[in-house]
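One structure below.
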Amino acid sequence: MAVYTRKQQVLGLIAWLLLGFAVAAIGAFASIDAKDFYGQLTQPTWAPPEAVFGPVWSVLYVMMAIAAWLVWREGGFRAHRTALAIFLAQLALNMLWSWLFFAWHMGAWAFADIVLLWMLIVATVLGFWHVRPLAGALLLPYLAWVSFAMALNYAVWQLNPAQLG
């Protein structure tokens, strides 16, 4: 099992944070026109204000990075290849969702993506929990938010078939 120096641990945390925010930035790039597009869509009555999404996602990305870092610290990629690979796969799907929904206006594909994302988050929670329960627990708010986002994605897609196919 890898034993990391304090400096390596700090650099590892910074790397996980940078990865998370790089993924967020790429997703945000797809959302440049999201305010105009999303604002024109019919929303369910329970949809939160647009201003909620940025702060919530920022906190969730920090929590995801810390969770991945906690698992990584317990032996690195060699020791926890599967859990960390699933984590990386769900990050990629998370990033893709913004492109599918906001940039390409593909409601059905965005919904399929978020369903698969939800399944990978569950797998990540379980994998992380096995390594370090705190790491799995840190992902529970993310799972809850994506559960809500999945319902919102479906509702908005169904309410806007012309705009979201």
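The values are calculated or read from the model by the stated rules, or taken from the named source; none is laboratory data. Just so it is clear, the structure is predicted and the values come from calculations on it, not from any experiment. Don't worry about glycine lacking a Cβ; one is built from the backbone with ideal geometry, like all the others, and counts go over all protein chains shown.
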Criterion first (among the hydroxyl-bearing types (S, T, Y), at pLDDT below 95, more than 20 Å from W129 (Cα to Cα) and in a helix (DSSP H, G or I)) does Y4 satisfy it? no
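Being buried (at least 16 other Cβ atoms within 10 Å of the Cβ) and within 24 Å of R6 (Cβ to Cβ) narrows it down to one of W97, W72, so name that one. Outline the logic, then answer.
Numbers: W97 fails: within 24 Å of R6 (Cβ to Cβ).
Answer to the check: W72.
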With respect to the numbered conditions (1) at negative phi; (2) crowded, with 16+ Cβ neighbours inside 10 Å, which one is the sole condition not fulfilled by A112? (2)
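Test of understanding: among A123, A83, A135, which residue is more than 26 Å from L164 (Cβ to Cβ), touching a Gly at 6+ places or on another chain (Cβ under 6 Å), small (G, A, S) and modelled with pLDDT of 95 or more? First the steps, then the outcome.
Numbers: A123 fails: touching a Gly at 6+ places or on another chain (Cβ under 6 Å); A135 fails: touching a Gly at 6+ places or on another chain (Cβ under 6 Å).
Going through A123, A83, A135 in turn, the sole match is A83.
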Unique residue being under 12 Å from the mean Cα position of the chain (by Cα) and at pLDDT below 95 when the list is G20, G27, G75: G27
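State yes or no: is V125 farther than 22 Å from I26 by Cβ, surrounded by 18 or more Cβ atoms within 10 Å (Cβ to Cβ) and under 15 Å from the mean Cα position of the chain (by Cα)? Show your work before the answer.
Values: farther than 22 Å from I26 by Cβ: yes; surrounded by 18 or more Cβ atoms within 10 Å (Cβ to Cβ): yes; under 15 Å from the mean Cα position of the chain (by Cα): yes.
Yes, satisfied.
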Here is a list of conditions, (1) in contact (Cβ under 8 Å) with a residue 60 or more places away in the chain; (2) farther than 15 Å from A34 by Cβ; (3) buried (at least 18 other Cβ atoms within 10 Å of the Cβ), and L164 meets all of them except one; can you say which number that is? (2)
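So which of A83, A67, A92 ends up being surrounded by fewer than 17 Cβ atoms within 10 Å (Cβ to Cβ) and part of a helix (DSSP H, G or I)?
On inspection, the qualifying residue turns out to be A92.
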Taking the stretch 20-40 and keeping residues of a type in the set (D, E) and touching a residue at least 24 places away in the same chain (Cβ under 8 Å) leaves D33
Give me a count of the residues in the stretch 23-61 that are of a type outside the set (A, V, I, L, M, F, W, C), surrounded by 15 or more Cβ atoms within 10 Å (Cβ to Cβ) and assigned to a loop (DSSP other than H, G, I, E, B). 2
